[in-house]
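Below is one structure, written out as structure tokens; comments come after it.
The values are calculated or read from the model by the stated rules, or taken from the named source; none is laboratory data. Model, not experiment: these values are computed from the prediction. Glycine also receives a Cβ, built like all others from the backbone with ideal geometry; neighbour counts cover every protein chain displayed. What goes into the accessible areas is simple: the full protein's heavy atoms, side chains included, and nothing from ligands, DNA or RNA. Shrake-Rupley method; radii C 1.70, N 1.55, O 1.52, S 1.80 Å.
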Amino acid sequence: IDTGMGLERIGAVMQGKTDNYATNLMRALIEASADLTKVAADGPHAVSHRVIADHLRAAVFLIADGVLPSNEGRGYVLRRIMRRAMRHAHIIGAKEPLMWRLVPALVAQMGTTYSELVRAQALATETLRLEETRFRQTLDRGLKLLDEAVEGLPPDGTLAGETAFKLYDTFGFPFDLTEDALRARGLKVDQAGFAAAMAKQKADARAAWAGSGERATETLWFDVRERIGATEFLGYDTETAEGQVVGLVIDGAEVSSAKAGDKVRVVLNQTPFYAESGGQVGDTGVMFSAQGVEITINDVQKKLGELFVHEGEVTRGSLNVGDALELRVDVARRSRIRANHSATHLMHEALRRALGDHVTQKGSMVSADRLRFDFAHPKAMSNDEIGSVEAAVNAVIRCNNDVVTRLMTPDAAIEAGAMALFGEKYGEEVRVLSMGEDEGAQGKPYSVELCGGTHARRTGDIALFTIISEGAVASGVRRIEALTGEAARQYLLARDKALSETAGVLKTTPDQVTARVLSLVEDRKKLERELGDLRKKIALGSGGGDVTIREVAGIKIDTRVLDGVSAKDLRPMIEETRAKIGSGIVVFVTREDGKASIAVGVSADLTSRISAVDLVRAGACALGGKGGGGRPDMAQAGGPDGDKADAAIEAVLAQIS
């Protein structure tokens with residue numbers, strides 16, 4: 001391998017092949033592609049099958065490593081790989097998404113050696129299926145636009161770079177696919193022109209953003225960090241400490257002192273205050289000195305990875321660089337944050353056990369009042385799955401085991417079973433957090449993760465855990481919000497109170513509320529149907545609404561203005577009335593809450609001369625509305641001015657005339 005020969009080339013030699021794609025590493029995937037598409041593996045489309053097999057393997061391995069398709073960074077590389085293979089699936093005539101159906105063949109071939117493929121199979125399958133379904137829509141639209149763009153180009157012509165950029169920027173058609181599509185036709189694309197258009201867009205964006213005061217402030221932290229060094233964090237072991245002021249910033253500029261009332265950013269040589277990072281919010285608290293200085297700290301931010309910046313207000317005295325201060329974190333708030341952060345780790349492990357090893361963290365927020373956790377999963381969780389996660393976390397909490405933290409090298413930590421978050425940067429030494437006991441393996445912790453945040457001392461400190469919501473935030477990414485401790489107890493008490501009050505209103509017991517509500521809903525639906533039928537009978541019977549039957553241009557016309565009739569009931573009423581009058585036109589207007597709806601029906605023998613769509617648009621205009629839609633024999637529209645119902649009917653009659 002060190003000679004550049006490569007594993008696959010060695011495989012080709014050992015198997016007596018002259019082509020990497022003829023080895024058993026690739027041939028099985030190529031044949032699977034050929035089998036599903038019914039297109040010969042070695043025919044004119046041999047290259048397309050090779051691209052599909054090669055890119056499928058790369059894409060699934062990336063997904064197994066925690067990468068998901070996006071428009072930047074690793075995710076963009078993955079998306080380009082996937083889309084190139086999907087483009088070739090389109091070339092060979094695959095009518096339905098193909099890539100996701102090839103995942104089992106890849107897992108069968110390489111899953112034994114690479115177990116992460118087995119764990120990620122469900123996620124990879126769903127990701128590929130959704131991505132290809134969306135991409136096919138983009139591809140169809142883009143190819144049509146590309147056909148229009150190259151119309152008139154000579155056989156060896158070049159597409160303008162600006163046109164290619166418009167396809168990419170406005171319609172989402174990737175540049176590499178534009179190149180592929182043109183190459184197949186013997187055409188080229190102006191790469192320099194595309195790059196210039198891209199650069200211009202970025203320059204325009206920078207110009208629009210320039211002048212931001214916040215970014216100007218950020219640049220000064222490089223100078224501060226160079227001069228005073230990193231802040232030493234003491235907060236793992238204490239919530240109180242002493243520190244020396246080594247830097248002060250007011251309104252984006254360094255100062256030597258600050259007075260009462262000043263909004264100030266304070267940099268210390270050491271601090272127990274946690275700076276926002278890893279999803280955990282910054283601490284709050286107070287700083288003070290024996291000389292009467294007091295500063296209220298509202299937030300702490302981390303600059304350049306190791307500079308802790310305390311944001312607050314001087315509430316008393318005068319603060320100077322060099323002052324020694326007593327530092328006190330808000331202990332009650334920190335305790336709630338600790339509990340929520342530890343619960344996040346336990347929930348992460350519970351989700352993996354309930355849903356599968358493909359579950360990986362995609363973002364989190366840990367604050368004093370709640371926790372939020374984003375994770376990779378292709379579909380909504382069921383109520384049973386949510387319940388099992390809650391039960392698992394609370395079971396670990398009740399065991400009240402010590403939360404153990406160890407310092408290790410990243411490699412040693414991962415080898416010991418710690419879960420690292422993909423994309424996170426770790427230094428030479430990391431904190432390994434272990435919580436709970438795994439019932440299935442004596443002596444093994446329930447959860448082991450690399451984490452630099454602050455945590456509960458024992459799992460029992462979390463007290464109680466409950467999930468309050470679960471939903472989607474992006475394709476293949478779900479979000480859970482949850483509460484712990486007293487906040488969870490108060491939430492459950494409020495929910496129980498609401499249930500008891502609901503039961504009282506319904507005159508039943510709390511355990512019978514669901515059955516009672518279902519019964520009431522069914523009764524309501526029945527009554528609404530009966531009421532709707534009754535209203536239609538009244539409206540269509542004698543005296544129902546303002547009924548006028550007349551002839552215009554030799555055509556019988558039934559017009560009515562109705563009140564209390566739902567707009568959705570107009571069409572069936574018109575169909576019934578049209579059947580009664582035979583040849584003719586029916587025009588009904590209904591008024592409700594000041595607004596109006598108009599529907600027009602035209603008998604089949606008249607639709608060649610008169611369109612219901614044209615008539616209803618004329619009526620809608622009189623009602624203050626626009627448009628209207630339907631068929632030549634039936635159309636409907638609406639408007640905001642119910643007082644113009646009669647005018648709408650007159651407008652329809654005028655259109656008929």
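Relative to the longest principal axis of the Cα atoms of the chain, helix 121-150 runs at roughly 60 degrees. Between the beta carbons of residue 80 and residue 238, assuming R0 = 60 Å, the FRET efficiency works out to 0.75 to the nearest 0.05. Once the Cβ-Cβ distance of residue 492 and residue 643 is raised to the sixth power relative to R0 = 45 Å, the FRET efficiency obtained is 0.30. Ranked by the mean number of other Cβ atoms within 10 Å of their residues, highest first, the peptides 578-585, 644-651 come out as 644-651, 578-585. Under 19 Å Cα to Cα from residue 379, which lysines show up? Leave out anything in the same chain fewer than 8 places away. Excluding near neighbours in sequence, the set is 362. Measuring against 18 Å, Cα to Cα, the residue pairs 580/644; 38/144; 595/644; 166/188; 525/568 contain 580/644; 38/144 as the ones spanning a longer distance.
Within a straight-line Cα-Cα reach of under 16 Å, residue 626 can be paired with the following aspartates and glutamates, leaving aside sequence neighbours fewer than 8 residues apart in one chain: 614, 641. If you average the C-alpha positions of the range 595-612 and of the range 444-516 separately, how far apart do those two centres end up, in angstrom? Here the answer is 55 Å between Cα centres.
From the coordinates of this entry, percent of Cα pairs over 32 Å apart is computed, and it appears in [x] 62; [y] 70; [z] 48 under the label [y]. You can think of it this way: the chain between residue 227 and residue 657 has 146.0 nm of extra reach, that is 0.36 nm per residue less the Cα-Cα gap. For the chain, the longest principal axis of the Cα atoms and the long axis of helix 570-581 meet at an angle of about 10 degrees. Segment residue 556..residue 301, full-extension length gain: 84.0 nm, with 0.36 nm per residue of separation and the alpha-carbon distance subtracted. Taking the Cα centre of the chain as origin and assigning +1 to Lys and Arg Cβ atoms and -1 to Asp and Glu Cβ atoms, the resulting dipole is close to 1800 debye.
As a fraction of the 1.4 Å probe accessible area of the range 447-542, surface on carbon and sulfur atoms comes out at 56 percent. Bridging of residue 302 to lysines at a Cα separation below 20 Å is possible for 263, 425, once same-chain residues fewer than 8 apart are set aside. On a per residue basis, the chain carries 51 Å² of accessible surface, using protein heavy atoms and a 1.4 Å probe. Accessible area ranking (1.4 Å probe, heavy atoms, ligands and nucleic acids excluded), largest first, for 204, 384: 384, 204.
In this structure the amide hydrogen of residue 246, modeled in the peptide plane, comes within under 5 Å of the amide hydrogens of 267, 268, 269, 322, none closer than 5 places in sequence on its chain. Close amide-amide hydrogen proximity is noted between residue 403 and 458, 459, each under 5 Å apart and 5 or more residues distant or on a separate chain (H modeled in the peptide plane; Pro and chain starts excluded). Fully extending the segment from residue 196 to residue 481, taken as 0.36 nm per residue of separation minus the present Cα-Cα distance, adds 98.2 nm. Relative to the dominant Cα principal axis of the chain, helix 485-506 is inclined by about 30°.
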